[in-house]
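Engineer: Below you will find the structure I want to go over with you.
The values are calculated or read from the model by the stated rules, or taken from the named source; none is laboratory data. Since this is a predicted model, take the numbers as computed values, not measurements. Backbone-built Cβ (ideal geometry, glycine too); neighbour counts: all protein chains shown.
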């Protein structure tokens, strides 16, 4: 399975489109065993006009069902972890962890749907 990470910027959207075309090329020409699990929007700024526009374009481009509902918003705590390492010291840490737990829950649901539909095992 492949999870496409999409930063809410135009160049990232173009990069995601190129990457998906490459994955399709690999599947078509080399029988690569690939299934795109979804497109995960990351580093969104709440209320950001460009961010929201990029996500809407991604839904049009890849299909609304393929763009995950879970979103990794721009969180200062995530930047701090780059320096301190991942911690679980306070409510802000737990809030940041919950974002990723939500992503995992949604991914598990999507994978179960793939397997139920017989698309991928």
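Engineer: Every residue in the range 1-16 that is farther than 20 Å from residue 113 by Cβ and either surrounded by 14 or more Cβ atoms within 10 Å (Cβ to Cβ) or in contact with a strand residue (DSSP E or B) (Cβ under 6 Å, 6 or more places away or on another chain) (or both), please. Outline the logic, then answer.
Structural biologist: If we filter the range 1-16 for residues that are farther than 20 Å from residue 113 by Cβ, which is where we start, we get 5-16.
Listed by number, the residues that qualify are 5, 6, 7, 8, 12, 13, 15, 16.
Engineer: Can I ask one more? Give the range 89-121 a look and list any residue that's at pLDDT below 90 and part of a loop (DSSP other than H, G, I, E, B), or say none.
Structural biologist: 117, 118, 119, 120, 121 - these are the residues of the range 89-121 that are at pLDDT below 90 and part of a loop (DSSP other than H, G, I, E, B).
Engineer: Take the residues of the range 44-56 that are surrounded by fewer than 13 Cβ atoms within 10 Å (Cβ to Cβ) and assigned to a helix (DSSP H, G or I): which is modelled with the highest pLDDT? Steps first, please.
Structural biologist: First, pick out the residues of the range 44-56 that are surrounded by fewer than 13 Cβ atoms within 10 Å (Cβ to Cβ): 45-47, 49-50, 56.
Those left that are additionally assigned to a helix (DSSP H, G or I): 49-50, 56.
Values: 49: 92, 50: 91, 56: 96.
It comes out as 56.
Engineer: In addition: Can residue 70 be described as surrounded by 15 or more Cβ atoms within 10 Å (Cβ to Cβ) and farther than 18 Å from residue 100 by Cβ?
Structural biologist: no
Engineer: Continuing with the same structure: In the range 22-38, is there at least one residue being in contact with a strand residue (DSSP E or B) (Cβ under 6 Å, 6 or more places away or on another chain), over 23 Å from residue 93 (Cα atoms), modelled with pLDDT of 95 or more and assigned to a helix (DSSP H, G or I)?
Structural biologist: Within the range 22-38, not a single residue is in contact with a strand residue (DSSP E or B) (Cβ under 6 Å, 6 or more places away or on another chain), over 23 Å from residue 93 (Cα atoms), modelled with pLDDT of 95 or more and assigned to a helix (DSSP H, G or I).
Engineer: Now a separate question. Looking at the range 83-121 only, could you name the residues that are surrounded by 12 or more Cβ atoms within 10 Å (Cβ to Cβ) and touching a residue at least 60 places away in the same chain (Cβ under 8 Å)?
Structural biologist: Hits for the range 83-121 are 103, 106, 107, 110, 111, 114, 120.
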